[in-house]
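Novice: Okay, handing you the structure first.
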Amino acid sequence: MKREQVFRQTKRLGQNFLNDPNILRKICAAAELRKEDHVIEIGPGKGSLTEHLALGAGAVTAIEKDTRLRTFLDEKFAGSENVRFVYEDVLGAGLSCFSAGEKMKLVSNLPYNISTQILLKLLDERELFSKIVVMLQKEVAQRISSPKGRKSYGSLSVFLQSCFSVKLAFKVSRHAFYPVPEVDSAVVVLDPLEKPVFSSSSEKTFRTVTRHAFSSRRKTIKNSLGNFFEREMVERALSEAGIDQGRRAESLSVEEFARLAGSFREINQ
Ligand code: SAM
């Protein structure tokens with residue numbers, strides 16, 4: 001596609017392009033870019049965020065699934081030596097191959113239809129990043145940054161908050177995008193915790209227990225977990241973790257989920 005040709009955005013790829021320079025600058029400011037930084041961008045689209053990232057960072061690697069953008073991006077960035085494009089599906093890409101051993105930053109206006117899958121992938125590959133700044137659908141941003149006790153607090157909030165300090169930095173109107181999407185957006189900053197809240201040996205149990213605990217939100221945690229584990233084991237694990245059997249999942253802090261996962265693991269050993 002030549003630059004002057006008309007590009008038809010694909011809804012399936014979440015192609016709502018950002019065209020407000022103030023928002024682009026605010027995203028880069030949230031990422032605290034420095035010349036030593038290597039930034040991974042998921043989904044450069046027509047490169048509006050890429051351009052701003054390349055000004056602040058030392059190097060940018062942008063991963064785009066839509067190969068129709070290749071000629072356009074190659075032309076637009078012909079003189080930018082610190083930007084490279086990789087054309088592949090980020091969900092199938094191992095991000096460690098882009099790292100030269102140093103921690104990277106990830107900055108992206110995510111494709112919203114696969115944002116949960118990408119967040120889970122970033123959680124699994126968290127060791128690679130010193131900071132993650134992502135634009136998300138506002139409701140997803142509120143969900144992952146939600147404190148306990150709210151309706152929006154769920155397993156994804158607990159998973160991410162167990163490894164990152166999660167902050168909703170600012171909201172963005174749908175009118176900052178073209179085409180205008182049906183939802184508003186928000187930018188979230190994820191800063192890795194020094195170490196995860198759960199013990200290194202109980203990550204798998206932590207995820208399983210958390211997911212099952214939120215499977216029936218109206219039930220007590222004892223009953224939700226009772227659908228998946230032996231009742232006796234659930235009662236013992238709750239009691240050893242010092243968690244009242246009558247509580248609901250949304251009232252538990254991330255630390256309490258970690259304690260509960262630790263108790264399940266000990267009982268099962
Ligand atoms: N960064 C651009 C901007 O802010 O204007 C575009 C953001 S747009 C919301 C999401 C981008 O992700 C699109 O360019 C889309 O083609 C790309 N994309 C969608 N699914 C992808 C995938 N699985 N892997 C890599 N890129 C993907």
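Novice: Could you check Glu81 against (1) surrounded by 14 or more Cβ atoms within 10 Å (Cβ to Cβ); (2) of a type outside the set (A, V, I, L, M, F, W, C); (3) more than 16 Å from Asn109 (Cβ to Cβ) and say which number it fails?
Specialist: (1)
Novice: A further question on this structure: Can you find, within the stretch 118-131, the residue that is most open to solvent (accessible area, probe 1.4 Å) among those that are more than 15 Å from the ligand (Cβ to nearest atom) and either closer than 29 Å to Glu182 by Cα or not in a helix (DSSP H, G or I) (or both)?
Specialist: Ser130
Novice: On the basis of being of a type outside the set (Val, Ile, Thr), out of contact with any Leu (no Cβ under 7 Å at 6 or more places or on another chain) and assigned to a loop (DSSP other than H, G, I, E, B), does Arg265 make the cut? Break it down into steps so the answer makes sense when it comes.
Specialist: Values: of a type outside the set (Val, Ile, Thr): yes; out of contact with any Leu (no Cβ under 7 Å at 6 or more places or on another chain): yes; assigned to a loop (DSSP other than H, G, I, E, B): no.
It is false that Arg265 is of a type outside the set (Val, Ile, Thr), out of contact with any Leu (no Cβ under 7 Å at 6 or more places or on another chain) and assigned to a loop (DSSP other than H, G, I, E, B).
Novice: Among the residues of the stretch 67-78 satisfying the criterion of being open to solvent by less than 40 Å² (accessible area, probe 1.4 Å) and under 23 Å from Ser99 (Cα atoms), which is nearest to the ligand (Cβ to nearest atom)?
Specialist: Applying the filter and picking the extreme gives Leu73.
Novice: What are the residue pairs meeting all of these: first residue in the stretch 61-77, first residue of a type in the set (Lys, Arg), second residue at pLDDT below 95 and more than 11 Å from the ligand (Cβ to nearest atom), Cβ atoms under 7 Å, and 6 or more apart or on different chains?
Specialist: Arg68/Met1; Lys76/Arg3
Novice: So Ser115 fits all but one of (1) surrounded by fewer than 20 Cβ atoms within 10 Å (Cβ to Cβ); (2) within 10 Å of the ligand (Cβ to nearest atom); what number is the exception?
Specialist: Going through (1) surrounded by fewer than 20 Cβ atoms within 10 Å (Cβ to Cβ); (2) within 10 Å of the ligand (Cβ to nearest atom) one by one, Ser115 breaks only (1).
Novice: Still on this model: Which one of Leu91, Leu33, Leu24, Leu53 is within 12 Å of the ligand (Cβ to nearest atom), open to solvent by 20 Å² or more (accessible area, probe 1.4 Å) and either out of contact with any Phe, Trp or Tyr (no Cβ under 9 Å at 6 or more places or on another chain) or assigned to a loop (DSSP other than H, G, I, E, B) (or both)? Let's see the steps before the verdict.
Specialist: Values: Leu33 fails: within 12 Å of the ligand (Cβ to nearest atom); Leu24 fails: open to solvent by 20 Å² or more (accessible area, probe 1.4 Å); Leu53 fails: open to solvent by 20 Å² or more (accessible area, probe 1.4 Å).
Result of the check over Leu91, Leu33, Leu24, Leu53: Leu91.
Novice: Quick one: would you say Lys171 is under 23 Å from the mean Cα position of the chain (by Cα) and free of Cβ contacts under 8 Å to residues at least 12 places away in the same chain?
Specialist: Values: under 23 Å from the mean Cα position of the chain (by Cα): yes; free of Cβ contacts under 8 Å to residues at least 12 places away in the same chain: no.
Considered against the rule, which asks whether it is under 23 Å from the mean Cα position of the chain (by Cα) and free of Cβ contacts under 8 Å to residues at least 12 places away in the same chain, Lys171 comes out as no.
The values are calculated or read from the model by the stated rules, or taken from the named source; none is laboratory data. Not measured: the values here are computed from a predicted model. So basically every Cβ, Gly included, is an ideal-geometry build from the backbone, and we count neighbours across all protein chains shown. Side chains included, ligands, DNA and RNA excluded: accessible areas come from the protein's heavy atoms. Shrake-Rupley method; radii C 1.70, N 1.55, O 1.52, S 1.80 Å.
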